[in-house]
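Structure in structure tokens, see below.
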Amino acid sequence: MSKNYFSAYFIAESREPPLEWPPLHVSSNMISLSSLIITDLFAGKKGNLTERAQPVGLSLALSIISVIGNIFLLIWQTYVLRAELILIIVQLSFISLEMLLGLVAIVLFNR
């Protein structure tokens with residue numbers, strides 16, 4: 001579900017901005033956050049399928065960095081639109097749920 005939501009979020013954010021932003025600034029933020037979230041989802045999926053704690057732990061570490069990136073977009077971005085505010089809050093809730101379930105998986109895998 002997080003993968004589908006992130007795809008919709010990326011499409012919504014990669015459109016032509018209605019306000020004046022430096023083009024390199026917008027693309028570098030989206031590329032770095034996108035690559036981070038894709039790697040996070042891949043590591044979490046691999047760790048869950050192989051039932052190993054190390055990839056799930058890597059996914060948790062990347063999730064923390066993703067939360068920091070989303071908070072950056074929410075607070076310190078030049079312009080924050082209301083739609084972006086809603087999208088980022090929903091994404092933060094998905095990441096929080098992913099982190100909680102990742103902790104449960106690590107505990108179960110280390111039994």
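Kindly provide the set of residues from segment 73-92 that are without any contact (Cβ under 8 Å) to a residue 24 or more places away in the chain, in a helix (DSSP H, G or I) and surrounded by 11 or more Cβ atoms within 10 Å (Cβ to Cβ), ordered by number.
L74, L85, I88, I89
Since S66 meets every condition but one in (1) out of contact with any Gly (no Cβ under 8 Å at 6 or more places or on another chain); (2) surrounded by 12 or more Cβ atoms within 10 Å (Cβ to Cβ); (3) farther than 17 Å from S34 by Cα; (4) not acidic (D, E), which condition does it not meet?
Unmet for S66, out of (1) out of contact with any Gly (no Cβ under 8 Å at 6 or more places or on another chain); (2) surrounded by 12 or more Cβ atoms within 10 Å (Cβ to Cβ); (3) farther than 17 Å from S34 by Cα; (4) not acidic (D, E): (3).
Each reported figure results from applying straightforward, stated rules to the coordinates on display, with no laboratory input. These numbers were taken from a predicted model, which means no experiment stands behind them. Virtual Cβ from ideal backbone geometry, glycine too; neighbours counted across all protein chains shown.
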